[in-house]
Amino acid sequence: MRLDRTLANSGIGTRSSVRQLIASGGVTVNGVTAKDPGMQVNDGDKITCGGKEIGIKENLYFLLDKPDNILTAMEDPRLPCVGDFIPDELKGKKLAPVGRLDYHTTGLLIITNDGELSHRLQSPKYHIAKRYLVTFQGPQWSGKEIDAVSSGITLTDMDTPVKTAPAEISVINDNEAEITLYEGKTHEVRRIFAHFGKEVIALRRIFLAGLETDKDVSGCGTLRELTEDEINLLKSSVGL
Ligand code: URA
């Protein structure tokens, strides 16, 4: 892991401020003053900052293409869950899914132990785009309904009526549409479709904050680490 990233992850400061700190000679690794912000450090290394030892916290970032019939939880006594896709050697790393996909929803799910990033990606304040491919049965979307969704509708299917944030519908054909949300209310896509008498048959998240996954389900069940560029993309989308 890079030294500057390790220090930033530990809450010392932003990447650019920790680079300045390194340049000023304020950081040591195993007793030697560090000069290169890109030097690799590992779990056992002793790092000091301004003479004070800091703990290394390795942030990890994964993308799981979630299959159908899987619970969005790290463990469950009864049901198969996304935690089952995490290799055993990472079990102690406090990884957690960023938000939830329903048991029957497939597609893009980020799993990380970067709590601040996770919190911000889920906060409506940051207006993070999440796009879903929806296969549905029922009447075709009318222009009037699409306009209503784009201004926000009031869902009255649960105890308390709730207003949805503006969302975008893009019709593909009589049974398929894409919907882009900027918030994450419980079962929001299914409820918006149901509000207009359309039943969701299959739901797949294909885009989140600039990251994409295939529209077809052939990659379901694959887990991969995000690249440095993808991590930076996510972070910059929420001001980190
Ligand atoms: N909206 C839903 O209805 N379900 C999901 O899994 C995600 C968004």
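When restricted to residues that are away from the ligand (no atom under 14 Å from the Cβ) and closer than 20 Å to V217 by Cα, segment 66-107 contains 6. Evaluate the following for G197: is it on the phi > 0 side of the Ramachandran plot, outside the structural domain of R120 (by TED's automatic domain parsing) and more than 15 Å from the ligand (Cβ to nearest atom)? In short, yes. Determine if segment 110-123 includes at least one residue that is touching a Ser or Thr at 6+ places or on another chain (Cβ under 8 Å), part of a strand (DSSP E or B) and over 19 Å from K235 (Cβ atoms). No, there is no match, as no residue in segment 110-123 is touching a Ser or Thr at 6+ places or on another chain (Cβ under 8 Å), part of a strand (DSSP E or B) and over 19 Å from K235 (Cβ atoms). Within segment 141-175, can you find the residues that are under 17 Å from R204 (Cβ atoms), in contact (Cβ under 8 Å) with a residue 24 or more places away in the chain and within 16 Å of the ligand (Cβ to nearest atom)? Selection gives A167, I169. Select from segment 38-73 the residues that are open to solvent by 60 Å² or more (accessible area, probe 1.4 Å) and at pLDDT 95 or above and list them in ascending order. Within segment 38-73, D68, N69 meet the criteria.
The values are calculated or read from the model by the stated rules, or taken from the named source; none is laboratory data. Owing to the predicted nature of the structure, the values given are computational and were not obtained by experimental measurement. All Cβ positions, even for glycine, are placed from backbone atoms using ideal geometry, and neighbour counts span all protein chains on display. Calculation scope for accessible area: heavy atoms of the full protein, side chains included, ligands and nucleic acids excluded. Shrake-Rupley method; radii C 1.70, N 1.55, O 1.52, S 1.80 Å.
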